[in-house]
Ligand SMILES: Nc1ncnc2c1ncn2[C@@H]1O[C@H](COP(=O)(O)OP(=O)(O)OP(=O)(O)O)[C@@H](O)[C@H]1O
Ligand SMILES: [Mg+2]
């Protein structure tokens, strides 16, 4: 029985590549035959239109209001293992409607809990704000994936984002992890891109994916055709980069799994009690 890893794609800065990353990672995970659900949690609905879904009659809004299950909202895509829960303008009002509501930060988690066993991965594309919608995503997630555009002020706002994840971890979701930081729209001929990369890697070391997403016009064209890059131009540099990023993400997770296994084996070995006790202390 799969138990979905829920990854929120977050950065309150606008236009840094959240949707492009969520849409294309979801496609690559689906192509790798991982049962994947992409949840569009942005009233702009960009992740939905990237899959050709425009003005859906039923939206993520209905799940937040407790009026529909994600199972009923999920739309099939051209990738067999990938479904999308769309968003649209209804979601604009959700923020206001939820303000006084019970469990307003846990609405999405409740909805996700009902389908967790049906997916390997659930990706949430967040709006460019640290609003109640983003709080819902952080509360529901196992981890946060932060796309960062290699531009001036790339690190601006990051401290606030990390403070917010700390607060959510303390108050609502103790297990919340940093999945990783992905550098987007990278132009290696550009000095600035290189400087930003050095700075970000200096701060976050191995939390920054080795794979960089290059600036690639095919990535920006694909959504207007209602397709992820894999189905639009699989040979483009953008497609290759997102495939590599997916590989890295999956490898990172299986590494964690393997080191857990090693820890279990060590624990079972007699005579190691002391070390293990110390480690756990
Ligand atoms: N690697 C890339 N190469 C070229 N264009 C890109 C790339 N990544 C994203 N874009 C384009 O940049 C714009 C912003 O990207 P995207 O919509 O993914 O960002 P976002 O963080 O989701 O934005 P918002 O904050 O508005 O939700 C889009 O027009 C997108 O097509
Ligand atoms: Mg977006």
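A few remarks follow.
- Tabulated pairs, segment 31-44, first under 12 Å from residue 90 (Cβ atoms) and within 13 Å of ligand 1 (Cβ to nearest atom), second modelled with pLDDT under 95 and outside any loop (DSSP other than H, G, I, E, B), C-beta under 6 angstrom, 6+ apart or interchain: 43/91; 43/92
- Summed over segment 45-62, the residues that are free of Cβ contacts under 8 Å to residues at least 60 places away in the same chain and buried (at least 24 other Cβ atoms within 10 Å of the Cβ) give a count of 3.
- Leading residue by the ranking (farthest from residue 79 (Cα to Cα)) among those in segment 222-258 that are more than 11 Å from ligand 1 (Cβ to nearest atom) and part of a loop (DSSP other than H, G, I, E, B): 235
- Qualifying residue in segment 60-69 (condition: within 16 Å of ligand 1 (Cβ to nearest atom) and farther than 19 Å from residue 14 by Cα): yes
- Residue check, residue 197 at pLDDT 95 or above and under 22 Å from the mean Cα position of the chain (by Cα): no
- Among the residues of segment 63-80, those that are touching a residue at least 24 places away in the same chain (Cβ under 8 Å), surrounded by fewer than 24 Cβ atoms within 10 Å (Cβ to Cβ), over 17 Å from residue 225 (Cα atoms) and touching a helix residue (DSSP H, G or I) at 6+ places or on another chain (Cβ under 8 Å) comprise 65, 66, 69, 70, 71, 80.
- Selected residue (criterion: surrounded by the most Cβ atoms within 10 Å (Cβ to Cβ)) from residues of segment 81-99 that are out of contact with any helix residue (DSSP H, G or I) (no Cβ under 6 Å at 6 or more places or on another chain) and in a loop (DSSP other than H, G, I, E, B): 88
- Annotation: of all residues in segment 184-215 being buried (at least 19 other Cβ atoms within 10 Å of the Cβ) and in a helix (DSSP H, G or I), the one that is farthest from ligand 1 (Cβ to nearest atom) is 200.
The values are calculated or read from the model by the stated rules, or taken from the named source; none is laboratory data. This is a predicted model, so every value here is computed, not measured. Positions of Cβ are generated from backbone atoms using ideal geometry, with glycine treated the same way; all protein chains shown enter the neighbour counts.
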